[in-house]
Amino acid sequence: MSIIVSRGRRAAPCSHLLASVSLSLAVAAAWQLPAQAEPAAANADTPLSAVVVSASRFPNDPAFAPVATTVITAEQIRAAGIDNANEALRKLGGIYGRQSSAGPNDFPLDLRGFGTNGDQNMVVLVDGVRISENELSTPLLSSIPIETIERIEIVRGGSSVLYGSGATGGTIQIITRRPQANDGHGTVLAELGNQGQRAGRAAVSRGWDNMSIDASYAKAHTDNWRDNAKSNQENFSTTVQWFASDWRFGLRANIARADFGLPGSLSQAQYQADPRQSVKPLDHGSYDNDTVTAFLERRFGDFDVAAELSHREKISRADYVSSTSTSQANIRMTQFSPRLRHVLQSGPWKNEWIVGTDLSEWNSVTNASYGNSDAAQHGKALYLRDEIEFDHNARLAAGVRREQFTQSSGSGGYNRTSAVNAWDLQASYAPLPLLRAFAKTGQSYRLATPDENGYTALPSGQVLKPQVSHDVELGATLGNDARQLTARWFRHRVRDELYYDPTANGGFGANSNLDPTLHQGVELEGRLRVNDNITLNANYQHIDARFADGTNNGKELALVPRNTLSTRINWKSGQHSADAGVRWVDRQRMGNDFANTCAKMPSFTTIDARYAVRVSAWEFALTGTNLADRTYYSQAYDCSGGAVSGIYPENGRAVKFTARYDF
């Protein structure tokens with residue numbers, strides 16, 4: 001399987017972005033606003049929160065905090081020795097992820113059993129700005145500086161009313177740290193390990209009365225476990241913002257560079273002979289990904305206004321020496337998301353309504369030795385949502401969304417304008433102080449990406465239909481921060497699911513709209529603080545994903561494990577701390593086994609652990625992953641005639657030493 005590359009025009013050089021950032025810093029230094037009086041609570045003078053929450057796309061109002069949200073804190077990330085957000089979601093959030101086909105650690109993630117398109121059925125945002133790719137590639141979570149993350153919020157289930165295409169599985173919010181007024185701090189870190197691991201990171205921030213600046217830089221290299229799987233990554237980000245008691249404005253720049261080997265897949269015989277080998281030892285790829293964002297929040301009495309304007313430019317390159325082919329794909333995307341909120345308190349009830357619009361433009365140009373292509377997509381959406389809280393223990397919310405979009409391609413010979421709708425209805429009730437039950441139903445959707453429309457079995461000029469899902473979820477949360485258990489039952493009835501069907505196009509494969517499918521299951525999340533020193537966490541998911549009609553009616557969908565379980569224990573005492581986790585993944589169907597005639601790929605269990613000691617401002621840690629050095633794989637795309645191929649082995653044991661200094 002070849003790496004899927006993104007498309008678009010040539011990205012702006014890094015120096016241009018750095019010049020823009022430098023100009024922003026100069027403006028910041030010149031624009032010193034007067035300090036504000038100390039804010040009062042619960043009125044127009046209350047300072048804007050620095051927290052963006054998935055529930056409403058606005059800073060959190062305590063009355064409307066998301067129900068049954070999974071929260072991963074910076075402290076948990078640090079205690080587990082995790083150095084990128086993708087790994088944090090897999091280890092700490094219980095989200096299933098499969099081995100990346102390229103060197104960087106952006107494993108494709110799957111919230112609710114959507115197989116190879118799992119990462120296309122969830123929306124990932126950084127401080128409210130969508131980073132989910134429109135070019136059928138995994139969001140670049142590893143490019144987010146880990147030292148800047150304050151916490152990660154995972155909201156499972158259909159969320160298209162607020163977040164549009166691809167939010168059937170849920171949303172992931174990466175919330176970054178913001179410096180406090182009149183405060184400053186920084187971190188310097190170095191890592192060294194086996195498999196050629198070496199990395200360095202630095203982050204600094206400084207706040208004044210009404211202005212703050214932060215910057216972070218990270219550079220990492222690893223040879224990885226397999227041959228030709230080496231990876232080099234370099235990331236830089238900076239934010240400057242101005243704030244007062246009732247408004248906040250800022251500019252952010254993120255610059256990411258990576259180059260990596262493309263080891264390719266193995267047959268079963270090759271895997272058994274040597275799972276570390278590569279039959280494509282010279283294939284390689286790279287990307288440049290640059291994003292500039294302006295954001296604004298302003299309060300006018302009972303009204304809040306917020307908006308983000310973001311522009312992303314990306315170049316993705318691949319050189320397949322094994323097949324003497326090359327490609328360079330360039331992409332540009334601009335997003336603008338203004339919105340308005342009103343909160344009204346009247347006696348025992350409180351009401352919040354939100355109206356907003358999402359405008360986006362995406363275009364691409366690809367130059368390849370096997371043919372050039374272009375594509376564009378433009379979208380405009382309007383959404384409304386209202387939520388009421390009664391007597392502090394009951395909540396009811398309803399929302400609707402309509403999105404109009406145009407997809408076009410000169411090389412593909414299509415130009416289509418269409419529209420799609422989403423809606424949801426949610427309720428929660430707390431019959432007891434420590435028990436809250438919740439339910440939601442609705443309709444979510446996903447639009448075919450230009451890459452998917454670029455390779456179908458449809459007649460010329462036609463495009464794939466939008467995927468539509470009817471969603472239902474029931475659940476309850478019992479306990480408090482010290483002891484808590486959340487249980488959910490969910491069901492997604494999906495029509496025209498967008499999926500790469502290897503059995504289509506006469507067996508050559510093509511992106512397709514599948515016959516109706518069903519994704520349903522149970523999720524359990526538990527947390528127990530045994531004492532002041534020990535904390536336990538566990539996540540379990542059972543998924544039944546299968547065809548609900550058509551030729552393969554009743555057959556299981558491919559690459560969806562029926563059960564996954566992850567558990568962690570964290571211990572801290574004085575200057576010493578330790579963290580360990582176990583992950584188990586059940587068997588799953590091979591990638592092209594739509595008829596369920598092949599044996600499933602084996603289940604697997606992995607163990608990771610970390611020990612750290614703090615000495616004054618220093619912290620020294622030893623971290624290990626796959627400690628049992630288990631040989632296993634989570635991807636296999638073909639089992640024709642009983643012979644398995646298309647295997648991407650997972651990484652073997654990795655150990656690293658980390659030294660960190662905080663100031």
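Would you check which residues across the stretch 233-261 are in contact with a His (Cβ under 9 Å, 6 or more places away or on another chain) and open to solvent by 10 Å² or more (accessible area, probe 1.4 Å) and list them? Reasoning before the result, please.
So in the stretch 233-261, the residues in contact with a His (Cβ under 9 Å, 6 or more places away or on another chain) come out as 233, 259-261.
Gln233, Asp259, Phe260 - these are the residues of the stretch 233-261 that are in contact with a His (Cβ under 9 Å, 6 or more places away or on another chain) and open to solvent by 10 Å² or more (accessible area, probe 1.4 Å).
Which one of these is over 22 Å from Ile77 (Cβ atoms) and either more than 26 Å from the chain's Cα centre (by Cα) or modelled with pLDDT of 95 or more (or both): Asp501, Asp496?
Numbers: Asp501 fails: either more than 26 Å from the chain's Cα centre (by Cα) or modelled with pLDDT of 95 or more (or both).
After ruling out the rest, the residue left standing is Asp496.
How many residues are closer than 21 Å to Asp374 by Cβ and charged (D, E, K, R) when one looks only at the stretch 431-465?
Residues meeting the conditions: 2.
Which one of these is in contact with a strand residue (DSSP E or B) (Cβ under 6 Å, 6 or more places away or on another chain), open to solvent by 50 Å² or more (accessible area, probe 1.4 Å) and at pLDDT 95 or above: His470, His519?
Values: His519 fails: open to solvent by 50 Å² or more (accessible area, probe 1.4 Å).
Going through His470, His519 in turn, the sole match is His470.
Where the second residue is of a type in the set (Lys, Arg) and part of a loop (DSSP other than H, G, I, E, B) and the first is under 22 Å from Gly157 (Cβ atoms) and lies in the stretch 89-109, which pairs have Cβ atoms under 8 Å and are six or more apart or on separate chains?
Note: pairs meeting the criteria are Phe107/Arg98; Pro108/Arg98.
Could you identify the single residue in Asp288, Asp274, Asp319 that is within 22 Å of the chain's Cα centre (by Cα), open to solvent by 20 Å² or more (accessible area, probe 1.4 Å), modelled with pLDDT of 95 or more and not aliphatic (A, V, I, L, M)?
Exactly one of Asp288, Asp274, Asp319 is within 22 Å of the chain's Cα centre (by Cα), open to solvent by 20 Å² or more (accessible area, probe 1.4 Å), modelled with pLDDT of 95 or more and not aliphatic (A, V, I, L, M), namely Asp288.
Name the pairs: first residue in the stretch 227-254 and without any contact (Cβ under 8 Å) to a residue 24 or more places away in the chain and under 17 Å from Val305 (Cα atoms), second residue of a type in the set (A, V, I, L, M, F, W, C) and open to solvent by 20 Å² or more (accessible area, probe 1.4 Å), Cβ to Cβ under 9 Å, at least 6 apart or on different chains?
none
Which pairs do you get when a residue that is farther than 29 Å from Asp496 by Cβ, found in the stretch 425-453, comes within reach of a residue that is hydroxyl-bearing (Ser, Thr, Tyr) and surrounded by fewer than 17 Cβ atoms within 10 Å (Cβ to Cβ), reach meaning Cβ atoms under 6 angstrom, with the pair 6+ apart or on two chains?
Ala437/Tyr429
Here are some residues: Asp288, Asp302. Which one is closer than 18 Å to Ser364 by Cα and acidic (Asp, Glu)?
Working: Asp302 fails: closer than 18 Å to Ser364 by Cα.
Going through Asp288, Asp302 in turn, the sole match is Asp288.
For the stretch 442-467, name all the residues that are among the β-branched types (Val, Ile, Thr) and open to solvent by 10 Å² or more (accessible area, probe 1.4 Å).
In the first step, residues of the stretch 442-467 are kept if they are among the β-branched types (Val, Ile, Thr); the result is 449, 456, 463.
Result: Thr456, Val463.
Can you pull out every residue in the stretch 601-631 that is closer than 30 Å to Pro561 by Cα, open to solvent by 20 Å² or more (accessible area, probe 1.4 Å) and in a loop (DSSP other than H, G, I, E, B)?
Across the stretch 601-631, the qualifying residues are Pro602, Ser603, Leu627, Ala628, Asp629, Arg630, Thr631.
Somewhere in the stretch 191-207, is a residue more than 17 Å from Ile82 (Cβ to Cβ), of a type in the set (A, V, I, L, M, F, W, C), touching a residue at least 24 places away in the same chain (Cβ under 8 Å) and buried (at least 19 other Cβ atoms within 10 Å of the Cβ)?
no
Which one is nearest to Asn592 (Cα to Cα) among residues in the stretch 110-148 that are of a type in the set (Gly, Ala, Ser) and without any contact (Cβ under 8 Å) to a residue 60 or more places away in the chain? Full working, then the answer.
Going residue by residue through the stretch 110-148, those that are of a type in the set (Gly, Ala, Ser) are 113, 115, 118, 128, 132, 137, 142-143.
Imposing the further condition that a residue be without any contact (Cβ under 8 Å) to a residue 60 or more places away in the chain reduces the set to 118, 132.
Values: Gly118: 16, Ser132: 26 Å.
Among those residues, the one meeting the criterion is Gly118.
Criterion first (farther than 24 Å from Lys656 by Cα, open to solvent by less than 20 Å² (accessible area, probe 1.4 Å) and not aromatic (Phe, Trp, Tyr)) does Ile174 satisfy it? Don't jump to the end; show me each part of the working.
Details: farther than 24 Å from Lys656 by Cα: yes; open to solvent by less than 20 Å² (accessible area, probe 1.4 Å): yes; not aromatic (Phe, Trp, Tyr): yes.
Yes.
Could you list all residues from the stretch 473-509 that are in contact with a helix residue (DSSP H, G or I) (Cβ under 9 Å, 6 or more places away or on another chain) and open to solvent by less than 20 Å² (accessible area, probe 1.4 Å)?
Hits for the stretch 473-509 are Glu497, Leu498, Tyr499.
Could you please let me know if Gly399 is touching a residue at least 24 places away in the same chain (Cβ under 8 Å) and within 15 Å of Arg332 (Cα to Cα)?
Numbers: touching a residue at least 24 places away in the same chain (Cβ under 8 Å): yes; within 15 Å of Arg332 (Cα to Cα): no.
So Gly399 does not fit the description; no.
Give the residue that is nearest to Ile82 (Cα to Cα), with candidates limited to residues of the stretch 525-566 that are among the hydroxyl-bearing types (Ser, Thr, Tyr) and open to solvent by 50 Å² or more (accessible area, probe 1.4 Å). Full working, then the answer.
From the stretch 525-566, those among the hydroxyl-bearing types (Ser, Thr, Tyr) are 535, 540, 551, 564, 566; that's our starting set.
Pick out the ones that are also open to solvent by 50 Å² or more (accessible area, probe 1.4 Å) and you get 540, 551.
Numbers: Tyr540: 21, Thr551: 44 Å.
Per the criteria, the residue is Tyr540.
Of all the strands (runs of 3 or more DSSP E) wholly in the stretch 143-255, which have at least 3 residues that are among the basic types (Lys, Arg)? Steps first, answer last, please.
On the way: elements: 149-156, 170-176, 184-193, 198-207, 211-222, 231-243.
In the stretch 143-255, 198-207 are the strands (runs of 3 or more DSSP E) which contain 3 or more residues that are among the basic types (Lys, Arg).
Output the residue which, of all residues in the stretch 632-663 that are over 28 Å from the mean Cα position of the chain (by Cα) and over 30 Å from Arg201 (Cα atoms), is surrounded by the fewest Cβ atoms within 10 Å (Cβ to Cβ).
Gly641
Applying the selection to the stretch 331-351, what residues are modelled with pLDDT under 95, open to solvent by 30 Å² or more (accessible area, probe 1.4 Å) and touching a strand residue (DSSP E or B) at 6+ places or on another chain (Cβ under 7 Å)?
Leu344, Pro348, Trp349, Lys350
The values are calculated or read from the model by the stated rules, or taken from the named source; none is laboratory data. Keep in mind the model is a prediction, meaning the values are calculated, not measured. Neighbour counts are summed over all protein chains in view; Cβ atoms, including those assigned to glycine, are modelled from backbone coordinates with ideal geometry. Ligands, DNA and RNA are excluded from the accessible area calculation, which covers all protein heavy atoms including side chains. Shrake-Rupley method; radii C 1.70, N 1.55, O 1.52, S 1.80 Å.
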